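First the structure, in the form of structure tokens, and then the observations on it.
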Amino acid sequence: MSRFLDIRPLIGLMAAALFLLFGLTAQAAERDRLEAFLKVTGFDVALESIGLAAGDAPGMLGLQTCDFGADWKRTADEVFDVPTMHDMAMQILGAALSDDLLTHAADFYASPLGQRLVEAENASHLADDDAKQAEGTELVAAWVADGDARVDILRQLNKAVDAADSGVRAVQEIQVRFLMAASRSGVIDYEIDEELLRHVLKQGEPELRVTLQVSALANAAYTYQDFSEDDVRTYLEALRHPDMQLVYELMNAVQYEIMANRFEVLAGRMADLHPGQEL
């Protein structure tokens, strides 16, 4: 017997352990970068605000939240759980957001102006929607009367945030997925023809587009009312950069997918709160 220990198997095990360790370290570093991206851009608060849309679900069925009993709020909070939505966003962004795009967006939002914008946007995300729309509408009316250039800049800003014009299609898709899930789960007591539903929604597309544009303008007026015209112009130019356009296209897609997914889950849970209801 050799008096020397054969360490070749140990070397193999050590190499495998180091490979695993480096892999886990890389994953942790990537997660930290994504966490930092969510925070510096304010996208973490935007995700949190998705839960505020849960109250719209009964209205899509011609009902009210009170029709679903005392457990409605608890159920909606469980479905629109912030950590769950956060993890969904991390998974999608981690697979699709390149380092170059992440760095480009993070660099702008980490600037003094970027941080002021994020602070204002975060506050706006969590503000009462009715009050926000009312104040924003008043601001727009006053600026139009004064010939203020900010109205046109804000219109361009909203267009830059959704250059792919995905907002209308996303709202329609969320409605379809929610209503189809509600039909399958028995929240409504008859089957919905998906093709017919999409046709009906398509017919209402022009009106929906105008409604979303008016709402977005009022929201932007409220959010950026304390910023100078130069600040808003600077933001507009930053948003028009090709890299930022790709970042926003991805963030919009992530936000819409999470919202649609959560509404589908909510439809299933609503069946346990209320018997089938004919629309």
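Got a sec? Which of Pro9, Pro58 is modelled with pLDDT of 50 or more and surrounded by 10 or more Cβ atoms within 10 Å (Cβ to Cβ)? Residue meeting the stated conditions: Pro58. Taking (1) closer than 26 Å to Leu246 by Cβ; (2) loosely packed, with under 13 Cβ neighbours inside 10 Å in turn, Val144 satisfies each apart from (1).
Only one of the listed residues (Tyr190, Tyr248, Tyr222, Tyr235) is more than 25 Å from Ala134 (Cα to Cα) and surrounded by 16 or more Cβ atoms within 10 Å (Cβ to Cβ). That residue is Tyr248.
The values are calculated or read from the model by the stated rules, or taken from the named source; none is laboratory data. Given the structure is predicted, the values throughout are model-derived calculations rather than measurements. Please note: Cβ atoms are built from the backbone with ideal geometry, for glycine as well, and neighbour counts cover all protein chains shown.
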